[in-house]
Structures are given as structure tokens and as C-alpha cells.
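See structure below.
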Number of protein chains: 2
Amino acid sequence: MPNSTPLKYAPKQDFVKPLVSVDIIIFTVVDDTLKVLLSKRPSLSESKDEPFPELYCLPGGYVHVGMDMSLHDTAVRKLQEKTGYDTANVAPYLEQLAFWGSAERDPRGWSVTQVYFALLPFIKPSEQATKTDGNPAESNQVERNQAEQIWIQADTACEQTLAFDHNEILQTALNRLRSKVEYTSLPAFLLAEPFTLPQLQRTYEVVLGRKLDKSAFRKRMLDSELLVEFGQIQGGFGRMAMGYKLANPSEAVTFPRGFKSGE
Amino acid sequence: MPNSTPLKYAPKQDFVKPLVSVDIIIFTVVDDTLKVLLSKRPSLSESKDEPFPELYCLPGGYVHVGMDMSLHDTAVRKLQEKTGYDTANVAPYLEQLAFWGSAERDPRGWSVTQVYFALLPFIKPSEQATKTDGNPAESNQVERNQAEQIWIQADTACEQTLAFDHNEILQTALNRLRSKVEYTSLPAFLLAEPFTLPQLQRTYEVVLGRKLDKSAFRKRMLDSELLVEFGQIQGGFGRMAMGYKLANPSEAVTFPRGFKSGE
DNA sequence: TAAATAGTGTCTGTAAGACAGTATGTT
DNA sequence: AACATACTGTCTTACAGACACTATTTA
């Protein structure tokens, strides 16, 4: 290695580096259904070099060493690109899931992926383009991507054949989500504020796939410091309900026990 | 990209890839103290190109694309190299902690590290060389590494200045360990089998830094399917105690509640 | 008024913590 | 016997779940 390098520490280039990508599992709840966002891989006619043509996969992409200061930046950038979500003003719930890396998972070579999972209130596709206002090239980008993306029921997605090892990754994410929903406030990040306690409970029930007791649920939520009141709201048909916002929109709450501890 | 490539899918080489490494936080308990294994970075006289000379850091290394089939393989290989632990016969507790990746964390360039944490029963340094028997070059390797490694009290290590962002990583690992110890059987992986319930309770107390109630502790451990009896053992001074082994040595148990749920 | 939804109150069961008591080993 | 350690039993407390009850809105 030359001593004349301007860098104090020369990068180690004397071995093969794996490919590094970031994938995001983006969950939302709409129509009482847990959904996940998938992208479609390019067809053979579009590109001969891309593996798994026309299969669905988790949205993601390579780290841009020149563009991103950190993996978290990469994840936020991808989230914005794929959903049009206004990440500058409203922080979505974004958490590291895990990493996968092996010689076999991508036919293009040894690859590593850093996987995040995100929880978002549902954004109508028609509103996504308008959310990324201003730059028309940018909103074109979003719209073009949208044509190749779908919100699909999470369990349905699991049963389909996805590209790469994305079935395993999605299953891991679903397991983690359902497990954490038992003892955290994560479903609150799937709703637009303000929301009511019955709405929040339905969201819990949709994710968990089972009914919860109303009384116990309300006690748990109100005894924690999770929520702050935000005026009466008309939730549906009958009586008005109290609306709530998150007391701390950037952090989930962990409850001392899970639901149904006895089983 | 040339069409004449022998690979079906040409690797994407048209952008700069980050460096990829694996680091492991290896915990053990000895002398009623939670310890972590640290390596010393080479001095300036040994190498002018290595950053953070002579500081301690977490053991780890680059992924060897030719040597490792997966990141998990890399972690197990590193664990074996650094501790001499017989990973072929006794599976240590090894779990993904998280990943860190940014332009700034390594002065040699944009880098990503995949961090695992491991729990091991203490291995006396004198026994480590003999554990990796056979190949003398291999055990030399182990002994040479040992000269530059220390088992250090976890909290003490946190207060020192470590290389790279390893203070943050170690702190994250400690938080995760202490948090999971509240509601899982993780400390059982810090003891050599067979062990007694009082020994296990002391291990919990060492990690958590507080006393636990004996009666509640025993009820929790025995009501779970965690342990199987393995004959009477002389634990210390007084009465003999029942020895136990793990019913399932490859998996931790999650208890329905944490200790001291009320606070 | 009936139906639908929101919210409360009471009882019960489960498991953790406190702590006193018993059992079995060594010196 | 004295002591140290291992183990058990009983009482209390905290909180989730079951479920019946009240409250407020719309059709």
C-alpha cells in the first residue's frame, strides 16, 4: 500500500467485500387488515442482469456511500422514496430488525442486508404523490415506483414466493411484531392521530389476530404514560369517544406484562 | 457491463462498497463479576496503518468471503479464535445484537459492523489452549491472541475509552443483557453444567446488580420447563443442592413476567 | 325508543414478593 | 452443638381477565 496516500488510514482493499443493502419491512393497518409493502422485481425484458425477475420482494436498495451518512439515513431515504411519507416532519416508527448475510442469499455474490421494520399510519396512494410536493422529478420518481408496488395482507405475502430470502425475513418481522405487540405500544404507530381507545384496541386485535378484553385494555393504556387526551372524536356510529395523541411520539412504551400472561 | 461474463448475474461493481466486519461481545461471569472480553489494538510500532493504536476494542474482524458461508459462521469462527471455546461440541449462546454503519465510525472509510453477543461459562485461560488441540499452528494462534486480550469487568470497560464506536456498542449490549435477564433464562448460559439453583440465582444477581427473593426465584425456575435434574451437588459449605442441566441447551426461555413487575 | 358504540365497576385467578420456618450438610 | 447453606410454606399484593353494568350518541 502506498505511503503517499492523502488518507491517514488507507482503506483495506486487499480482500473482496460483500455487497451491502438495506431492506425495510413497512407495515400498516387498513380496513382491519395488517398490510406490508412489496416491490416488484424488474422483468427480463427490462433487465437481463437482475435476479428473481417479476417476483415481489421487500423494498430496499444498496447503501450509497456518497449519499448516506449512516445506515439509518439509508433506511429513512428508502422509506421516503417508496411511500412518499413525509419523513422530515413526521418521524415514522423505525427499528432495526436483524441482519442477514451469506454467500448464497443473492446470486450476484456474497451479500449482507441490514433489515429495518417500520410502522406507519396508512397513506392513501393518491395522497403519496402530493406529499412529496415541489420537485416534479421527485414526485415522478415516487409515482413510477408506485406502479410496481403493492400493499398486501401480511399473511398472504408470507405464503407467496418472494425474491431472495425475503420470505424468511418477512416471517421474522411478523413474528417480532406480533411478539412485541403483546407487551408494547407499537400498534399506536399504525394509527393517524388523534385516535380513540376502541380504534387502538381494534388495531391491536388486527395485528394479534384475536380479541382482547376491553376493560383490561383500557386500564393498561390509561395507567401507562402513553397517551394524552385530545378532545372528543366521532369514531363511528354511537357515542363520541375521547381522542388521544402519543405523549412521546418517538418512543414505544413497554408494559410490565404481556396480554394473557396465563397462556 | 460485459455480456460475456461467465456469471449469470454480474456482481454490481459500479459503486463503492462499505467495509463489512463482525464484532462479538463475549460475556461471562467469574468471581461474582460480569466480565467482557476485549482485544488490544496494535501499537504504532507494530503497524502504522491501524487506527486507535493500543486502545481496547471488542473482538471481531472482517468477513472472509472465501472462508465464511454466512455472518453466523464468521461470528462462530471469531468466538473460537478469541476464546478457544469448543464451538464444535458445545454451542454457546449467540444472538444478534444490532448493526452499526456510517461514514464516520471507522477512519478507514464507510464501514458496517454486524454485532453479536455471546454468553459463555468462564474458561480458565490456561485451559483455552488445550481446548483447541491438534493443530499446533492453531493453538499458537490462540495463545498469541490471548496475550493481547483481557477479561474485564463490564462496567469498568464501559467507563474506559474504547476504539471506534465500541463504547456505544458495549453499552447497548449491556442494556440488552440486563433487560433480557429480567424476563428470560439467559444467565443459565453463563454457568457450566450442572449448576444449582442458588448458583443460578447468584448469577442473575451479579448481572442485575441487585438481590432477588429466593422463594420467588425458585418457583419461577422450577415452574418453567427450563431445567432437568442432574443429581445432588456440593455447591459450597452447607447442605447439598440439586444439580440441574438445561432441558434445551440451544434456546432461552421467556418468562411471562419480569422480576419485580411493580417497579 | 332501539341500536350501536364508549366507558366503568366488581369479582376472581394467577403469580410475584416478603419472610418465617424446616432440612441437611460441614466444622 | 453451632453454623452455613438448601429448600418449603403461608400470607399479601398487584394486576390481568371475565363480564355485567352505565353513559352517550345516531337513526
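Only the coordinates and a few stated rules stand behind these numbers; no lab work does. Everything quoted here is computed from the prediction, not taken from an experiment. With ideal geometry, Cβ positions are generated from the backbone for all residues, glycine too; neighbour counts draw on all protein chains shown.
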Next on the checklist: Suppose R0 equals 22 Å. What FRET efficiency, 1/(1 + (r/R0)^6) with r the Cβ-Cβ distance, do residue A:161 and residue A:50 give to the nearest 0.05?
Outcome noted: 0.85
Next on the checklist: If you take every residue apart from residue A:95 with its C-beta less than 11 Å away from the C-beta of residue A:95, what net charge results, scoring Lys and Arg +1 and Asp and Glu -1?
Outcome noted: +1
Checklist outcome for this item: The answer for the net charge of residues other than residue A:38 whose Cβ lies under 14 angstrom from its Cβ, with Lys and Arg +1 and Asp and Glu -1, is 0
Checklist outcome for this item: Distances in nm between the label point of residue B:66 (7 Å along Cα→Cβ) and its equivalents in the other copies, shortest first, are 3.1
Next on the checklist: What does the copy distance list look like for residue A:250, label position 7 Å along Cα→Cβ, in nm and ordered from shortest?
Outcome noted: 4.2
Checklist entry - At residue B:40 and residue A:251, where each label point lies 7 Å from the Cα along Cα→Cβ, what is the point-to-point distance in nanometres? => result 3.9
Checklist entry - For the residue pair residue B:89 and residue B:228, what label-to-label distance in nm results when each label sits 7 Å from Cα along the Cα-to-beta-carbon direction? => result 1.9
Checklist outcome for this item: Counted neighbours (other Cβ, 10 Å), sorted fewest up, put B:102, A:224 in the order A:224, B:102
Next on the checklist: I want to check the label-to-label distance for residue A:171 and residue A:153. Put each point 7 Å from Cα in the C-beta direction and report it in nm to one decimal.
Outcome noted: 1.9
Checklist entry - Between copies, how far does the label point of residue A:219 sit from its twins, in nm, shortest first, when each point is 7 Å from Cα along Cα→Cβ? => result 1.9
Checklist entry - What aspartates and glutamates sit close enough to residue B:245 to cross-link, taking a C-alpha to C-alpha distance under 13 Å and skipping anything fewer than 8 places away on the same chain? => result B:193, B:225, B:229
